Amino acid sequence: MAGNTITKPSDLSCTPSRAARELGLKRGDFDLAVHLGRVRTVPDEEGGGRRVTHAEIDRLRSAAGFPDTLLESVRTVGTTDGAALMEVTSARFTRLARLGLVVPVKFYLNRYRAVVWLYLAEELRQFAADKNHTSLLNGRTPERLRDQLQEGLDLRPRNWRGRHLGFLLHQATDPWERAGALAALLDPVQVAEIVQDPYERAHLNRFRPEPPAHGAPGSAAAHLAERIMTADDPDEISWLRADLTQVLDEARCHRPAPRPTGELAVPRRTTEPTAPPPSLSKRRPEPMPELDPTPDAEPTPEPERSRGMLGWLRRRSA
């Protein structure tokens, strides 16, 4: 009888692949929409990953301008199209990106295994429309900033990692998952120094997300993607280590790592600064510094400490 029908959770939601088809999105664009919070997902109660409720699909389909508005909100562009969108040269756009003033949202490796960074078109339009950025697009760049670029400054990988970490933390549902997200950006040797208990480390690795798929496992492309995923700046590593230590304390209290029956569970901690800096996920961006507006033929702005979007992730080590 209808009154006795049991509604299963799977009847109220669908897989990401089906949701992408329902919304008219390619799977890569759908994943980006989820990361950006454009599409809300729920955990699969049967342990099959994330799902999308039919109510969420109906909400998006009933929005004004669907599907064009949704598609435009996740449209990404490379350097050439991004420069055209901001009405600057490709060289200037690249310098702005290296200085951390525009932040990549994705990357891929071309057939020559060169990294191609992608940016949200929506964010680039907003950046170009902000009158506070006029000097960044047209003005004279201080010599000290040009010097930093000549020394090889490139914040694109670090900024992408910071953004990707935000995606991972947004989907984490408990402290172990948050710890796994932080550990994903650290070299395994760094993680082993912090998590000295082998049972804890094995448990943590269960929640450590894999790098974005690029090429077959073990291929040169996969190794390059893994290097991009791994923090390499001393300052960045320091913040991640402090955050991981803090979140691990929360995870141990929430649910100790499993270990063989009969073995005493004694959580081990690595000595860290007694007063670690604020969590990466709670740190606020810093305001953009004012640059000399005097026109110059070669603008290449960058503050002494990288500021702008996600400024807390672009500090350089002393």
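Key figures
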quantity	calculated
Heavy-atom accessible area per residue - the stretch 73-231, 1.4 Å, Å²	45 Å²
Heavy-atom accessible surface of the stretch 7-165: percent carbon and sulfur, 1.4 Å	47 percent
Share of carbon and sulfur in the accessible heavy-atom surface of the stretch 168-256 [1.4 Å probe, %]	55 percent
For the stretch 1-158: rounded, prolate or oblate by the Cα gyration tensor [a/c cutoff 1.5]	prolate
Relative packing of peptides 59-72, 87-100 - highest average C-beta neighbours within 10 Å first	87-100, 59-72
Distance between modelled label sites at D58 and L12, nm, 7 Å Cα→Cβ extension	1.2 nm
J(HN,Hα) series, the stretch 248-257, from Karplus relation 6.51 cos²θ - 1.76 cosθ + 1.60, nearest Hz, glycine and proline x	4, 4, 5, 5, 4, 6, 5, 6, x, 5
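The values are calculated or read from the model by the stated rules, or taken from the named source; none is laboratory data. Being a predicted model, the structure only gives us computed values, none of them experimental. Don't worry about glycine lacking a Cβ; one is built from the backbone with ideal geometry, like all the others, and counts go over all protein chains shown. Remember, those area values only see protein heavy atoms, side chains included, never the ligands or the DNA or RNA. Shrake-Rupley method; radii C 1.70, N 1.55, O 1.52, S 1.80 Å.
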